[in-house]
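Colleague: The structure follows.
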Amino acid sequence: MVLAAAARAETAVEPGLWEKTEKVTVDSRELPSEPRSICLKKGEASLERLVLINDDEATARGCRSEAAPAGAGVVRMTMSCPASGDEPAVAAKLEVRFTATSFEGTGSVEIKPKNGPAQIARSALSGKRRGDC
């Protein structure tokens with residue numbers, strides 16, 4: 001799932017080496033994916049950096065997002081990116097349960113290509129801090 005970030009509050013997690021897994025389903029088909037490792041340095045360790053696309057890509061696409069607490073250890077994120085160039089418009093919703101060393105969540109993304117019908121993708125994601133970078 002492609003999620004983006006713009007101006008937003010950061011949800012702190014521990015810096016270090018994280019492993020992220022995401023399962024995406026579109027039209028009852030699970031898309032292939034591999035776990036990804038992400039190194040979060042001190043001062044940039046946030047849940048948003050783990051689950052959203054990087055700030056440079058978000059800015060380039062004109063994406064807007066919000067993250068809001070939804071209870072202890074739960075954050076809800078929304079994001080929208082307009083269509084641009086070869087990229088379709090995207091609108092996403094995500095709910096993530098987290099601690100300082102792990103997270104899991106579910107979300108949906110509506111993908112609106114310039115030509116053709118919109119598609120809805122569903123995702124389940126999780127991650128764990130594995131150690132130092």
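Colleague: Which residues, taken from the range 88-130, are among the hydrophobic types (A, V, I, L, M, F, W, C) and over 14 Å from the mean Cα position of the chain (by Cα)?
Modeller: 89, 100, 111, 118, 120, listed by residue number.
Colleague: Can you name the residue in the range 29-62 that is in contact with a Leu (Cβ under 9 Å, 6 or more places away or on another chain) and among the polar types (S, T, N, Q) and, of all such residues, is surrounded by the most Cβ atoms within 10 Å (Cβ to Cβ)?
Modeller: If we take residues in the range 29-62 being in contact with a Leu (Cβ under 9 Å, 6 or more places away or on another chain) and among the polar types (S, T, N, Q), then 46 is surrounded by the most Cβ atoms within 10 Å (Cβ to Cβ).
Colleague: Quick one: in the range 68-105, of everything that is surrounded by 15 or more Cβ atoms within 10 Å (Cβ to Cβ) and of a type in the set (S, T, N, Q), which residue is farthest from residue 40 (Cα to Cα)?
Modeller: Top of the filtered list is 80.
Colleague: If you go through the range 64-74 one residue at a time, do you hit one that is out of contact with any Cys (no Cβ under 6 Å at 6 or more places or on another chain), modelled with pLDDT of 90 or more and at negative phi?
Modeller: The answer is yes; a qualifying residue exists.
Colleague: Any residue in the range 110-120 that is among the hydrophobic types (A, V, I, L, M, F, W, C) and surrounded by 14 or more Cβ atoms within 10 Å (Cβ to Cβ)?
Modeller: Within the range 110-120 (the criterion being among the hydrophobic types (A, V, I, L, M, F, W, C) and surrounded by 14 or more Cβ atoms within 10 Å (Cβ to Cβ)), the answer is yes, since at least one residue qualifies.
Colleague: Applying the selection to the range 37-47, what residues are touching an Asp or Glu at 6+ places or on another chain (Cβ under 7 Å) and either charged (D, E, K, R) or over 22 Å from residue 122 (Cα atoms) (or both)?
Modeller: 45, 46
Colleague: Could you check how many residues of the range 84-100 are within 13 Å of residue 11 (Cβ to Cβ) and of a type outside the set (A, V, I, L, M, F, W, C)?
Modeller: Residues in the range 84-100 being within 13 Å of residue 11 (Cβ to Cβ) and of a type outside the set (A, V, I, L, M, F, W, C): 3 in total.
Colleague: Considering only the range 15-36, state which residues are within 15 Å of residue 123 (Cα to Cα) and of a type in the set (A, V, I, L, M).
Modeller: Answer for the range 15-36, where residues must be within 15 Å of residue 123 (Cα to Cα) and of a type in the set (A, V, I, L, M): 24, 26, 31.
Colleague: Sticking with this one: State the number of residues belonging to the range 121-131 that are within 29 Å of residue 41 (Cβ to Cβ) and either crowded, with 19+ Cβ neighbours inside 10 Å or of a type in the set (D, E, K, R) (or both).
Modeller: Matching residues across the range 121-131 total 6.
Colleague: Of all residues in the range 100-133 being without any contact (Cβ under 8 Å) to a residue 40 or more places away in the chain and among the hydroxyl-bearing types (Ser, Thr, Tyr), which is farthest from residue 39 (Cα to Cα)?
Modeller: If we take residues in the range 100-133 being without any contact (Cβ under 8 Å) to a residue 40 or more places away in the chain and among the hydroxyl-bearing types (Ser, Thr, Tyr), then 108 is farthest from residue 39 (Cα to Cα).
Colleague: Could you pull out every one of the strands (runs of 3 or more DSSP E) wholly within the range 16-133 that has 2 or more residues that are touching a strand residue (DSSP E or B) at 6+ places or on another chain (Cβ under 7 Å) and of a type in the set (Val, Ile, Thr)?
Modeller: Strands (runs of 3 or more DSSP E) meeting the threshold: 16-26, 74-81, 89-98, 102-112.
The values are calculated or read from the model by the stated rules, or taken from the named source; none is laboratory data. Being a predicted model, the structure only gives us computed values, none of them experimental. Note that each Cβ is placed from the backbone with ideal geometry, even for glycine, and that neighbours are counted across all protein chains shown.
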